[in-house]
Every structure is written in structure tokens, then in C-alpha cells.
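Chemist: Right, I'll just put the structure down here and ask away after.
A short reminder: the numbers here are calculations on the coordinates, not readings from a lab. Everything numeric here is computed off the predicted structure, so don't read it as measured data. Glycine also receives a Cβ, built like all others from the backbone with ideal geometry; neighbour counts cover every protein chain displayed.
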Amino acid sequence: MRVPLFAYRARDAVGKELQGEMEAADRNEVATRLAEQGLFVISVQEAKLKKTTGLFGKPSSSHVVAFMRQLATMVRAGIPIMTALEMILQRAPSQPMRRLIESIRDTLASGEPLSAAIEKNSDVFPPLVRWSVKVGEETGQLDAVLMRLAAYKELESNLKASVRGALAYPAVIVLVAIGVASFIVTVVIPKIKRIYDEAHIPLPLPTRIVLFVSDFVKEWWPFLIAGAVGVVLAIAIFKRTKSGSRFFDRLFLRLPIIGKFVYLAALLRFTRSMELMVRTGVDVVQALNIAAGTIGNSVLEEGVRKASLAVRDGAKISEAVEDAAVFEPLLVQMLRVGEETGTVDELLDLLATDYENQISRMVQNLPRIIEPILLVFVAGLVFLLALSFFLPIFRLVQVLKKH
């Protein structure tokens with residue numbers, strides 16, 4: 001039996017309407033979780049489940065998040081973990097998810113803790129999850145840890161979905177423009193060329209340029225595709241090397257607009273993962289190493305790992321992060337204040353929330369940034385095609401008038 005998917009509409013504290021989808025046992029669970037986020041529920045309706053499996057037979061990230069949240073809810077309600085797993089297994093949304101739950105259940109049945117079961121499925125659960133669950137078991141806060149992990153993963157998933165949604169419209173426009181241009185170049189203009197050839201009239205320069213490009217692509221397209229594939233493979237192989245990864249990660253940080261987004265996303269991952277682990281009691285050195293693995297940028301990751309070595313040698317977190325020179329001064333200052341007041345986790349939470357808001361605003365403004373660039377591209381393409389299409393017609397009309 002599949003986990004139901006619900007589409008919801010809600011309003012936040014300032015009255016802004018939000019829409020989204022959420023997997024839950026029923027409508028009441030959706031309403032409760034939205035209320036916990038400080039949202040006022042307008043409507044909740046069952047939606048069609050879009051995806052059941054991940055790539056290469058792994059569970060999809062949305063199903064793993066739903067699993068953690070369901071398990072946390074049941075553990076908090078006092079249901080034994082084995083019973084909770086059996087209940088969730090009955091509603092497993094896909095075969096990969098069923099295999100994952102069965103693996104965890106069998107490990108627990110053999111007498112090992114949940115953290116060991118999570119460790120055995122390290123291809124699904126990253127180090128952040130594995131260490132947090134282990135500490136949650138030791139401190140008796142497993143339900144709270146699972147809830148925070150699920151919220152963190154949901155945030156990541158929603159962020160990716162927002163970016164994809166913002167880029168979908170420009171991508172469609174570009175594809176349509178290229179499709180129309182290809183039709184005109186390969187079908188319409190060659191017919192005009194035949195008329196000119198029969199009349200022994202030279203084609204205008206813009207039309208000759210377009211036809212040259214068209215003929216070149218049609219004649220050499222296998223080699224062009226092979227060359228493009230070769231370049232992509234070479235870049236992919238180079239990016240897998242340490243020097244290649246550093247090159248591209250440094251490049252992305254320096255790109256306009258994209259660089260700021262990549263940097264803010266890295267700050268968000270670092271602060272949110274550090275907040276989660278500090279709050280659950282993970283050792284600071286280990287927390288820094290785990291947080292480094294969540295950043296997603298090798299340049300910044302290297303700086304955080306250097307900071308973890310400095311903390312291991314006795315330095316304060318704020319001093320180590322400042323010496324690493326990879327994060328903004330505000331983060332360093334907040335860490336320093338948190339160390340002095342004993343509220344590192346709370347200030348990291350505030351910072352993470354601020355980064356979330358900044359990224360949300362960037363995603364909302366992304367279409368406004370892309371639209372002018374898109375307009376210039378489409379206008380240039382239309383202008384070139386108009387010249388190559390209409391100039392021959394005008395010249396042909398002039399020749400016919402003379403005769």
C-alpha cells in the first residue's frame with residue numbers, strides 16, 4: 001500500500017499563500033505538520049503520487065524523508081520501533097523502500113541498534129543522518145532527532161524543486177525558439193534557395209551565412225555530436241579528479257548570480273547541519289567533519305576540515321572558522337557570541353533561517369534576472385532569421401518587378 005500524497009494550500013504569518021505537496025498517513029497529519037510550521041491551513045486534498053522509485057533501485061529522497069518523519073512520529077507516540085517499522089512496511093510506496101525497511105527491521109531483530117541499521121545502509125543515509133541517529137539513541141532523543149533530520153531533508157528537496165520550477169519556463173522558451181529556428185533553417189530557407197538558383201539570383205549575405213551553418217550541421221552532425229559528447233565526458237572525468245573538482249567549485253563561486261546562490265546554499269547546509277548536530281550533542285570536531293561533507297563545494301569543504309583540525313588542537317570554533325577564511329564575517333561573529341553565551345545551536349538556527357530566506361528571495365527573483373537575458377537571445381535569433389528569410393523575398397520581388 002502506497003503512502004498517500006496530499007496537495008495543500010496554506011498561509012504564513014504575513015498572509016502569503018503557499019502551495020505544495022506532502023506525503024502523510026491522512027489529511028489530519030498534513031494539517032498538524034503544517035500547523036507545527038506556523039502555517040494556517042486553507043485546504044488539503046489527496047494528490048496523485050508522482051514518483052515511486054529513485055535511480056538505480058534506491059528509494060527516492062522524498063520517500064526516505066517520509067519514512068524518517070513517520071518513524072519519529074510513532075516513536076514519539078510510544079510505539080516500539082519494531083512495531084513502527086512493521087506498520088510503515090505495510091504501506092511501503094515502492095520496492096526499493098520496502099527493501100530498505102526490511103533491512104532495518106532485520107538488523108534490529110538481530111539485536112543491533114537503529115544506528116547500526118542506518119550504518120548498513122550508508123548508500124541511502126549520509127553521515128549526517130548516521131551520526132545524529134547514534135547520538136539520538138544515546139541521549140534518548142531519537143524522535144526529536146528524526147524529526148529535525150526529516151525537516152532538514154524536506155528543506156533541501158523543496159529548495160531543489162523551487163530552482164527547477166524557476167528554470168522550467170526559460171528552458172521551454174529556449175527549446176521552442178531553437179525548434180522554430182531549426183524548422184525555418186532546414187525547411188523554409190532551402191526552398192527559397194532553390195527558387196533563387198533557378199532564377200540565377202545571388203542570395204543576400206545573411207541568408208548565405210544561415211544556409212552555410214545549416215549545410216555544415218547537416219553534413220557534419222555525427223562528428224559534431226561525437227565531439228560534444230567527448231567534451232562532456234572529458235569535463236566529467238576531469239571534474240571527478242581532486243584538481244578538477246576544486247577548479248569547477250572555485251569557478252562556480254566566482255560566477256555572477258550563480259556564485260552567490262552556490263555560496264548561500266553552502267552556508268545553509270553548513271549552519272543547518274551544525275545546528276542539528278550541536279543540538280543533539282555530537283562532538284564538535286566530528287560535527288565539523290560531517291558538516292564539511294554536506295557543503296557540496298570542495299573549496300569550502302577544505303576550509304571547514306582545516307577548522308576541525310584546529311578545534312581538535314584546542315582552538316575555539318569561531319577562531320578556527322575565522323582562520324579558515326571561507327565563510328562570511330557574520331557567521332564567525334555569531335559563532336563567537338554563541339560560544340560566549342552557550343547558545344551556539346540557537347544562533348546557528350537563526351543564521352540558517354536567514355540563509356533560507358535569502359535563497360528563497362533569490363529563487364523568486366530568478367525569472368526577473370533571466371527574462372532580460374532570454375529576451376536578448378530570442379530577439380537576436382528572430383532578427384537573424386527575419387533577415388535571412390525576408391531579404392531574399394524582397395530581392396526576388398524587386399527582380400520580378402524589373403522583368
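Chemist: Between rounded, prolate and oblate, where does the chain land on the alpha carbon gyration tensor, with a ≥ b ≥ c its root eigenvalues, rounded for a/c under 1.5, else prolate if a/b exceeds b/c?
Modeler: Prolate, because a/c is 1.5 or more and a/b exceeds b/c.
Chemist: Dipole magnitude of the range 119-256 about its Cα centre, charges +1 at Lys/Arg Cβ and -1 at Asp/Glu Cβ only, in debye to the nearest 20?
Modeler: Here the range 119-256 has a charge dipole of around 360 debye.
Chemist: Along the charge dipole of the chain, pointing to its positive end and built from +1/-1 on Cβ of Lys, Arg, Asp and Glu, which listed residue (286, 114, 25) has its Cα farthest out?
Modeler: 25
Chemist: Now for a different question. Taking θ = phi - 60°, what integer Hz values does the Karplus form 6.51 cos²θ - 1.76 cosθ + 1.60 yield along the range 205-211, in sequence order, with x for Gly and Pro?
Modeler: Per residue, the Karplus-derived 3J(HN,Hα) values read 4, x, 5, 5, 5, 4, 5 Hz.
Chemist: Now for a separate question. Considering the options 237, 359, 59, tell which one lies farthest towards the positive end of the dipole of the chain, charges being +1 on Lys and Arg and -1 on Asp and Glu at the Cβ, about the Cα centre.
Modeler: Of 237, 359, 59, it is 237.
Chemist: Taking a 20 Å limit on the Cα-Cα distance, which of the listed pairs 193/218; 153/306; 242/316; 191/218; 239/306 fall beyond it?
Modeler: Exceeds cut-off: 153/306; 242/316; 239/306.
Chemist: Search the structure for amide H atoms under 5 Å from the amide H of residue 18, placed 1.01 Å from N in the peptide plane, and list their residues when 5 or more places away or on another chain.
Modeler: Under 5 Å from the amide H of residue 18: 10, 11, 12.
Chemist: If you don't mind, another one. For helix 284-294, what angle does its Cα long axis make with the longest principal axis of the chain, in degrees from 0 to 90 and rounded to 10?
Modeler: 20
Chemist: Can you tell me the FRET efficiency between residue 197 and residue 391 if r is taken as the Cβ-Cβ distance and R0 is 25 Å, rounded to the nearest 0.05?
Modeler: 0.95
Chemist: Roughly how tilted is helix 142-183, in degrees to the nearest 10 and between 0 and 90, from the longest Cα axis of the chain?
Modeler: The helix 142-183 is inclined about 0 degrees to the chain.
Chemist: Using each residue's phi in the range 227-241, evaluate 6.51 cos²θ - 1.76 cosθ + 1.60 at θ = phi - 60° and report the 3J(HN,Hα) Karplus result to the nearest Hz, with x for Gly and Pro.
Modeler: x, 5, 4, x, 5, 4, 5, 4, 5, 5, 5, 5, 5, 6, 7
Chemist: OK, next. Charges only on Cβ, +1 for Lys and Arg, -1 for Asp and Glu: so what's the dipole of the chain about the Cα centre, in debye to the nearest 20?
Modeler: Roughly 2040 debye for the chain.
Chemist: For the chain, what does the relative contact order come out to in percent, with C-alpha contacts under 8 Å and a separation of six or more?
Modeler: 13
Chemist: Sort out for me the Cα centre separation of the range 287-328 from the range 81-106, rounded to whole Å.
Modeler: 37
Chemist: Next up: What fraction, in whole percent, of alpha-carbon pairs in the range 167-403 exceed 27 Å separation?
Modeler: For the range 167-403, the share of Cα pairs beyond 27 Å comes to 58 percent.
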